[in-house]
Amino acid sequence: MHNYSIYTLKTKLEFTNLYQYLGEKDYKQLEQQILCHSYHTPICTWNGIVINGIEAYELFRKHSIPFRIKRLHFSSKEDVISWICTDQLKREDLTNINKKYLIGKKYDAEKILVSRQLSSTNKSHISGASIAAKKISEECNVAMATVYKYSAYSSALDIIDEKVPDLVKRVRSGQLWISQANIIELSGLSKEQLLSLNNYL
């Protein structure tokens with residue numbers, strides 16, 4: 001088993017939050033593949049941090065089964081976020097809620113990357129936000145205005161996640177439906193108010 005080992009890697013919430021976790025049936029199927037040694041996709045890493053295949057990594061570790069890693073090279077965490085979002089957006093099983101979240105997060109990362117690039121070429125007077133929004137709108141086949149809306153939506157989910165992670169988990173897993181407008185409104189509530197709402201719902 002050349003290049004197979006039981007690596008100890010790190011995970012980062014900022015990256016794993018971008019991942020749509022498998023349903024129970026698909027998770028068990030993945031576990032069975034790993035136990036039967038029929039899963040050969042390497043775990044992608046950046047600076048020793050898992051950026052793709054988080055569930056497979058956890059299962060390999062759980063069962064002490066050696067696996068391969070693929071080291072990817074990026075200049076910044078924003079590059080990593082953009083790459084993860086692009087990769088996740090290709091999924092056929094991606095839910096509409098997570099699609100909105102990922103488009104918003106990809107835009108936020110690309111906005112920083114474009115602005116950084118413009119600044120390095122003395123073009124900081126040009127709006128990096130509009131260039132990034134145009135790029136994402138073309139890649140994801142949505143209007144630029146929609147990209148901005150999804151950015152506000154993903155930011156609101158992140159704010160709620162910092163206060164009551166369980167509420168966001170329920171929303172993103174499809175257990176609980178709350179409109180985009182209401183999510184943005186709820187992000188202004190206190191932790192105590194959100195906890196009460198989560199318990200009520």
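The values are calculated or read from the model by the stated rules, or taken from the named source; none is laboratory data. What you are looking at is a predicted structure, and each value in this text was computed from that prediction instead of being measured. Here Cβ is always computed from backbone atoms with ideal geometry, including for glycine, and neighbour counts include all displayed protein chains. Remember, those area values only see protein heavy atoms, side chains included, never the ligands or the DNA or RNA. Shrake-Rupley method; radii C 1.70, N 1.55, O 1.52, S 1.80 Å.
Shape class of the stretch 10-111 from the alpha-carbon gyration tensor: oblate, with a/c at 1.5 or above and b/c at least as large as a/b. Here the calculated FRET efficiency for SER76 and ALA145, from their Cβ-Cβ distance with R0 = 41 Å, stands at 0.90, rounded to the nearest 0.05. Considering only beta bridges that DSSP places wholly inside the chain, some 50 percent are antiparallel.
Go through THR16, THR41 and list them by solvent-accessible area, largest first, probe radius 1.4 Å.
THR41, THR16
Accessible area per residue for the chain, computed on protein heavy atoms with a 1.4 Å probe, is 57 Å². For the peptides 43-51, 64-72, the ranking by mean Cβ contacts within 10 Å, running from highest to lowest, is 43-51, 64-72.
So, with +1 on the Cβ of K and R and -1 on the Cβ of D and E, and no other charges, what is the size of the charge dipole of the chain about its Cα centre, to the nearest 20 debye?
380 debye
Taking 7 Å steps out from each Cα toward its Cβ at THR121 and ALA152 produces label points 3.1 nm apart. Taking 0.36 nm per residue of sequence separation and removing the Cα-Cα distance, the TYR4/LYS169 pair yields an extension gain of 56.1 nm. Considering only CYS36, PHE67, THR8, the residue lying farthest towards the positive end of the dipole of the stretch 1-126 is THR8, judged by Cα position with unit charges set on Cβ.
Check the straight Cα-Cα distances from LYS106 and name the lysines below 25 Å, setting aside those fewer than 8 residues away within the same chain. Cross-link targets: LYS10, LYS12, LYS70, LYS77, LYS90, LYS123, LYS134, LYS135, LYS149, LYS163, LYS169. Based on C-alpha pairs under 8 angstrom that are at least 6 apart in sequence, the chain has a relative contact order of 16 percent.
What is the extension gain from HIS40 to ILE131, computed as 0.36 nm multiplied by their sequence separation minus the C-alpha to C-alpha distance, in nm to one decimal? Please list the in-between numbers first.
Values: separation 91, 0.36 × 91 = 32.76 nm, distance 3.85 nm.
Answer, rounded to one decimal: 28.9 nm.
Only protein atoms count toward the accessible area here, which uses a 1.4 Å probe; on the stretch 15-127, the carbon and sulfur part of that area reaches 48 percent. Residues HIS40, HIS63, sorted by accessible area with the largest first, give HIS40, HIS63 [1.4 Å probe; ligands and nucleic acids excluded]. Here is how the number arises for the chain: DSSP H runs of 4 or more residues each give -39500 (n - 2.57), the sum is divided by the residue count, and the result at 222 nm is -18500 deg cm²/dmol.
Cα centroid separation, the stretch 130-174 to the stretch 88-105: 9 Å.
Overall, the stretch 6-95 carries a charge dipole of about 340 debye about its Cα centre when +1 sits on the Cβ of Lys and Arg and -1 on the Cβ of Asp and Glu, all other atoms neutral.
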